[in-house]
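Scroll down for the structure; my scribbles are underneath it.
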Amino acid sequence: MSSAFAHKKIIVITAPSGSGKTTLVKRLLAATNKVTFSISACTRKPRAGETDGVDYYFLDEADFRQKIDEDAFVEWEMVYAGKYYGTLKTELERIWASGRYPLVDIDVMGALAVMNKYHEQCLTVFIQAPSIEELRQRLITRGTETEQTLEERVKKADFELGYAHQFQKVIINDNLEVAANELKETISDFINGL
Ligand code: 5GP
């Protein structure tokens with residue numbers, strides 16, 4: 001990495017729904033003050049317990065489309081049918097300006113887009129559930145999906161698995177403690193090592 005980018009590193013995490021990503025990311029953020037969660041914009045409705053401006057910037061579709069027109073996104077995707085998600089340029093700038101590094105938690109296509117744009121600055125991590133069946137069980141246990149959205153998420157996870165080898169680091173979340181440590185060490189090496 002050239003020194004011009006040294007203060008603008010990005011940590012990109014992709015983890016299919018049900019891979020245990022939220023828990024891992026929360027642990028990581030609690031363990032370091034150098035990394036800040038990059039809050040994405042999205043058009044899905046907040047789940048119980050989610051807060052606007054904390055978990056996501058929850059936008060309606062018209063506002064999201066306006067931001068696309070204004071070129072406000074680093075990347076955006078229709079991640080699920082009719083549901084848009086995107087990383088705002090202002091969000092990365094906000095975090096860099098605070099002297100920290102953004103942790104961008106996005107889907108595979110979004111991750112590839114960020115890699116293409118910022119490849120010199122990126123660490124890319126793929127978090128994998130031990131199996132698709134385990135992932136399906138975790139989603140059922142979480143209880144946030146209908147039968148249809150569950151199938152959509154499982155299908156997407158299966159598709160995303162095919163891209164895991166393009167990431168610099170793949171972490172299999174079989175044992176939470178082990179995976180959490182692996183993630184912490186990988187990120188710490190990236191932050192300190194460059
Ligand atoms: P959820 O609806 O479960 O919060 O997230 C669904 C998916 O959207 C996850 O795979 C998550 O990584 C992805 N996602 C969240 N924010 C973004 C974003 O800004 N851009 C892209 N491309 N995907 C995102």
Inset, instruction - All but one of (1) open to solvent by less than 40 Å² (accessible area, probe 1.4 Å); (2) within 14 Å of the ligand (Cβ to nearest atom); (3) out of contact with any Gly (no Cβ under 8 Å at 6 or more places or on another chain); (4) modelled with pLDDT under 95 hold for E152, so report the exception by its number. - result: (1)
Inset, instruction - Scan region 95-116 for residues that are more than 8 Å from the ligand (Cβ to nearest atom), open to solvent by less than 70 Å² (accessible area, probe 1.4 Å) and closer than 19 Å to I68 by Cα and jot them down. - result: L112, V114
Legend entry - Subset of region 34-76 [in contact with a strand residue (DSSP E or B) (Cβ under 6 Å, 6 or more places away or on another chain), outside any loop (DSSP other than H, G, I, E, B), buried (at least 17 other Cβ atoms within 10 Å of the Cβ) and not polar (S, T, N, Q)]: V35, F37, A41, C42, Y56, Y57, F58, F64, F73, V74, E75, W76
Legend entry - In region 138-149, residue most open to solvent (accessible area, probe 1.4 Å) [restricted to those that are touching a residue at least 12 places away in the same chain (Cβ under 8 Å) and either part of a helix (DSSP H, G or I) or closer than 22 Å to T32 by Cα (or both)]: R142
Inset, instruction - Name the residue, out of L123, L161, L103, that is in contact with a strand residue (DSSP E or B) (Cβ under 9 Å, 6 or more places away or on another chain) and closer than 21 Å to A41 by Cα. - result: L103
Inset, instruction - Please find, within region 77-87, the residue that is most open to solvent (accessible area, probe 1.4 Å) out of those that are near the ligand (Cβ under 8 Å from one of its atoms) and farther than 16 Å from Q121 by Cβ. - result: K83
Inset, instruction - Enumerate the pairs (first residue in region 36-56 and free of Cβ contacts under 8 Å to residues at least 12 places away in the same chain and more than 13 Å from D105 (Cα to Cα); second residue anywhere and in a strand (DSSP E or B) and within 12 Å of the ligand (Cβ to nearest atom)) with beta-carbon separation below 6 Å, excluding pairs fewer than 6 apart on the same chain, so at least 6 apart or on different chains. - result: D52/F58
Inset, instruction - Identify all residues within region 95-113 that are outside any strand (DSSP E or B), within 11 Å of the chain's Cα centre (by Cα) and of a type in the set (V, I, T); write none if there are none. - result: I106, V108
Inset, instruction - Scan L24, L92 and give me the residue that is within 13 Å of the ligand (Cβ to nearest atom), at pLDDT 95 or above and outside any strand (DSSP E or B). - result: L92
Legend entry - Subset of region 155-194 that is away from the ligand (no atom under 16 Å from the Cβ) and assigned to a loop (DSSP other than H, G, I, E, B) - its residue that is modelled with the lowest pLDDT: L194
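The values are calculated or read from the model by the stated rules, or taken from the named source; none is laboratory data. Bear in mind the structure is a predicted one, so any value in this text is a computation, not a measurement. Note: ideal-geometry Cβ built from the backbone for every residue, glycine included; neighbour counts use all protein chains shown. Side chains included, ligands, DNA and RNA excluded: accessible areas come from the protein's heavy atoms. Shrake-Rupley method; radii C 1.70, N 1.55, O 1.52, S 1.80 Å.
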